[in-house]
Amino acid sequence: MSGSLQWPGPNTPNIANQVMPAVAFNGQVASLGWRFGWMRAHTCPCAYSNGTPGSPNPNCLTCFGRGVYWDVPPADFSGLLTFMHTAASPDEPGNVTNEIFGQVFQGEPVLTIPSDGAHNETLVWNYASTFDAFVEYDARTRYNTTLVVSDAPSAQVLPYQWGVEILSVSAYNLSQQVTQPVPPTAWTYSNGVMALSQDYPEGTAYTVEYFASPVWIAFRKAGGLPHARPLAANSAGTPKRFHVANLDQWLRARGGGETPAFGQIPQQTRYGQ
């Protein structure tokens with residue numbers, strides 16, 4: 001009939017009444033999530049100090065040439081990190097070999113931040129934004145980094161410095177053309193910087209095998225800003241999502257104790273336990 005609705009007709013579901021309630025959603029993240037540390041990002045004004053707007057000063061001692069610096073210490077919270085699908089450019093973490101940097105680690109997961117919890121969840125939920133850094137405390141990764149004995153501090157800096165645990169050090173004996181272990185009494189580590197004893201002359205190459213935790217940045221063309229679930233009545237406090245990226249070359253430390261690359265992991269194994 002003209003002017004009447006025909007089957008199946010328009011159907012607009014009340015999504016706000018069908019999604020998981022905020023209390024249950026937050027509880028699920030708390031129960032299944034990991035410990036994270038949140039560091040608020042700030043744009044460094046050095047990017048406008050040299051006559052070229054948007055070009056950070058590579059010699060800046062605040063942002064180290066990135067154009068962004070972070071608050072420390074982190075605010076701890078419980079969040080959920082998910083890798084959603086495999087595509088031509090996968091979300092799943094992996095690594096490639098770069099001719100300049102060596103191994104470069106990549107990954108673009110989604111971080112879910114609850115609006116309520118036992119720690120700083122509400123603070124992070126309210127204030128997290130683009131370029132903020134998130135330390136995944138308990139995803140310890142084994143790295144191998146090759147350094148060289150030198151007076152230049154940057155030559156003996158570990159690129160990943162969150163929760164470092166040194167497993168072994170081995171040096172290359174050039175005269176014998178063989179790799180030999182370095183005893184623990186012959187090396188020291190402090191604030192991201194390695195040092196070998198005087199038994200190892202300048203120019204000696206050595207490899208450090210160690211554990212460290214990854215750092216993620218809220219940066220991606222698909223979601224540097226939070227996904228606030230507008231159809232789920234986010235004003236009720238449902239968790240927000242961020243697309244985060246392991247900006248490996250950008251996050252590598254250039255000096256000792258450099259944030260967000262540097263820090264120590266809280267001792268508790270997991271929130272709620």
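The values are calculated or read from the model by the stated rules, or taken from the named source; none is laboratory data. Being a predicted model, the structure only gives us computed values, none of them experimental. Ideal geometry is used to build each Cβ from the backbone, glycine not excepted, and the neighbour counts take in all protein chains shown.
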* Structure fact -> Log entry, pairs with first residue in the range 226-249 being on the phi > 0 side of the Ramachandran plot, second being at pLDDT below 85 and assigned to a loop (DSSP other than H, G, I, E, B), beta carbons closer than 7 Å, six or more apart or on different chains, reads R229/T238
* Structure fact -> Across (1) more than 21 Å from S78 (Cα to Cα); (2) in a helix (DSSP H, G or I), L147 clears everything bar (2)
* For the range 36-49, state whether one or more residues are at pLDDT 90 or above, under 17 Å from the mean Cα position of the chain (by Cα), assigned to a loop (DSSP other than H, G, I, E, B) and not aromatic (F, W, Y). => yes
* With respect to V23, determine if the residue is outside the structural domain of G163 (by TED's automatic domain parsing), at pLDDT below 85 and within 25 Å of N126 (Cβ to Cβ). => yes
* To do: Identify all residues within the range 175-204 that are of a type in the set (A, V, I, L, M), farther than 27 Å from Q249 by Cβ and in contact (Cβ under 8 Å) with a residue 24 or more places away in the chain; write none if there are none.
  => V182
* Just to be sure, is Y160 within 16 Å of Q249 (Cα to Cα) and at pLDDT 90 or above? -> yes
* Asked: Are any residues in the range 73-110 surrounded by 12 or more Cβ atoms within 10 Å (Cβ to Cβ) and at pLDDT 90 or above, and if so, which ones?
  -> P74, A75, D76, F77, S78, G79
* When residues of the range 149-170 are limited to those that are touching a helix residue (DSSP H, G or I) at 6+ places or on another chain (Cβ under 9 Å) and among the hydrophobic types (A, V, I, L, M, F, W, C), the one farthest from Y206 (Cα to Cα) -> I166
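Here's the yes/no breakdown for (1) surrounded by fewer than 17 Cβ atoms within 10 Å (Cβ to Cβ); (2) among the small types (G, A, S); (3) within 30 Å of W125 (Cα to Cα); (4) not assigned by TED's automatic domain parsing to the domain that holds R35:
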site	(1), (2), (3), (4)
V148	yes, no, no, yes
S154	yes, yes, no, yes
Q176	yes, no, no, yes
W187	no, no, no, yes
Q198	yes, no, no, yes
P201	yes, no, no, yes
V208	no, no, no, yes
